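Okay, structure first, notes after.
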Amino acid sequence: MKESKKTLLTKDGISYLIPFILVTTCFALWGFANDITNPMVKAFSKIFRMSVTDGALVQLAFYGGYFAMALPAALFIRRHSYKAGIMLGLALYAMGALLFYPAKMSGSYYPFLLAYFILTCGLSFLETSANPYILQMGPEETATRRLNLAQSFNPIGSLLGMYVAMHFIQARLNPMDSGTRATLSNSEFEAMKTSDLAVLIAPYVFIGAMILVMLLFFSFTRMPRLGDTDKKISVRQSIRNVLSIPKYREGVVAQFFYVGAQIMCWTFIIQYGTRIFMNQGMDEKGAEVLSQQYNIVAMVLFCSSRFVCTYLLRFINPGKLLALLAGLGGLLTVGVIVFQDIRGLYCLVAVSACMSLMFPTIYGIALTGLGDDAKFGAAGLIMSILGGSVLPPAQAAIIDQGIVFGLPAVNVSFLLPLLCFAVVCWYGARTWQRARA
């Protein structure tokens, strides 16, 4: 066990255990932001009396920030350091969260989208900095396993985000369903909206204050400078270098579809479960709360599976394991589409166990061996998180149709995640094939 730790977090006789622990805390922080946000699609739809498609603009703003800021983050990190990138990311994260208060005062939907966008600009800095930083905190041959270990703490933050969303937001919002809200007078609707928004913003303002404390902690902590070996290579040359590598180019594509699948499965599990439980005679509020509990079970599976998969990577080629789990995820998604009862929800929950390995493994495979160019490689992979912005609104548009091909539209909409898992399976198989060649 002691030898395993050395080979994982020691390089050239230097231990990176303490820096690894500090940076790993950031993985939990953006996990919290991601998964307190997914249920907000449904919450905003109710609060502002919007369609599911309009509510999904939350995801468009959220993941659009990742896309917009990834390359500027890489340029900033190249000029300064990974630590500086993390600190700026924390500052933007805090700013976006605290902007929820003036957004609430405006009483309008769009200021919330701006707050989400700024918050995720910060998350883009954090992910562009932290992921390649972790890859360099030890030998290259254990880089993918090291990143999987760090990413194992991401779902812990996600679980906390889900818990807060369920108990401190959804449980405290007015239980009146969407149909009844539509019958309210303007004055009644505005009073209810103001009350619900006050509930919704409280956790964001609190986490914004906590992030500021974290920022102060990082500012007084010395961190190693890694990956600063060759600043003479031009930005254009670095971009050409990474784009010339097939496993990197394909990794960006695979990451786009994986993130889209993850966000679709977690965002619309509430709509999927709500339909099932309402068909069983449950009211909308109770169905939503119960569906969110299933969402938490899915995240527990995701978290547990991440640790198991990190262990399995000691014995199984990353590409092979990625292909196997993506294939299994695809089969479970077929069950989500075909079954119209609780069995479909069980399949949807089980998909999370398959997804746990995917993000860090695609990331690690694509960046391994890039050296200082990994900063720009990381930017491309973070930009591919745009999949979480583009694909959920497309799925929401299908859900809004009600019935498609004689099936509930929410079931049919999971054809999109099925396509995504097929792409990830292809990338894993390609990687495994290269390793065997």
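Residues in region 259-313 that are aromatic (Phe, Trp, Tyr), in a helix (DSSP H, G or I) and in contact (Cβ under 8 Å) with a residue 12 or more places away in the chain: 266, 272, 277, 294, 302, 307.
Among the candidates 306, 314, the residue that is among the charged types (D, E, K, R) and buried (at least 17 other Cβ atoms within 10 Å of the Cβ) is uniquely 306.
Against the test of being free of Cβ contacts under 8 Å to residues at least 40 places away in the same chain and open to solvent by 10 Å² or more (accessible area, probe 1.4 Å), the options 88, 149, 114 yield a single qualifying residue, 88. The set of residues in region 152-177 being in contact (Cβ under 8 Å) with a residue 40 or more places away in the chain, open to solvent by 50 Å² or more (accessible area, probe 1.4 Å), closer than 30 Å to residue 189 by Cβ and part of a helix (DSSP H, G or I) consists of 163, 171.
All conditions in (1) farther than 28 Å from residue 417 by Cβ; (2) modelled with pLDDT under 85 hold for residue 202, with the sole exception of (2).
All of (1) open to solvent by 30 Å² or more (accessible area, probe 1.4 Å); (2) more than 12 Å from residue 127 (Cα to Cα); (3) in contact with a helix residue (DSSP H, G or I) (Cβ under 8 Å, 6 or more places away or on another chain) hold for residue 34 with one exception: (1). None of 184, 197 is open to solvent by less than 50 Å² (accessible area, probe 1.4 Å) and in a loop (DSSP other than H, G, I, E, B) except 184. Within region 22-66, the set of residues being charged (D, E, K, R) and in a loop (DSSP other than H, G, I, E, B) comprises just one member, 49. Inside region 45-75, residues that are surrounded by fewer than 22 Cβ atoms within 10 Å (Cβ to Cβ), modelled with pLDDT of 80 or more and under 24 Å from residue 290 (Cα atoms) make up a count of 1.
The residue that is nearest to residue 425 (Cα to Cα), counting only those in region 235-258 that are open to solvent by 50 Å² or more (accessible area, probe 1.4 Å) and among the polar types (S, T, N, Q), is 244.
The values are calculated or read from the model by the stated rules, or taken from the named source; none is laboratory data. These figures come from a predicted structure and were not determined experimentally. Neighbour counts run over all protein chains shown; Cβ positions are idealised from the backbone, glycine included. All accessible areas refer to the heavy atoms of the entire protein, side chains included, with ligands and DNA or RNA removed. Shrake-Rupley method; radii C 1.70, N 1.55, O 1.52, S 1.80 Å.
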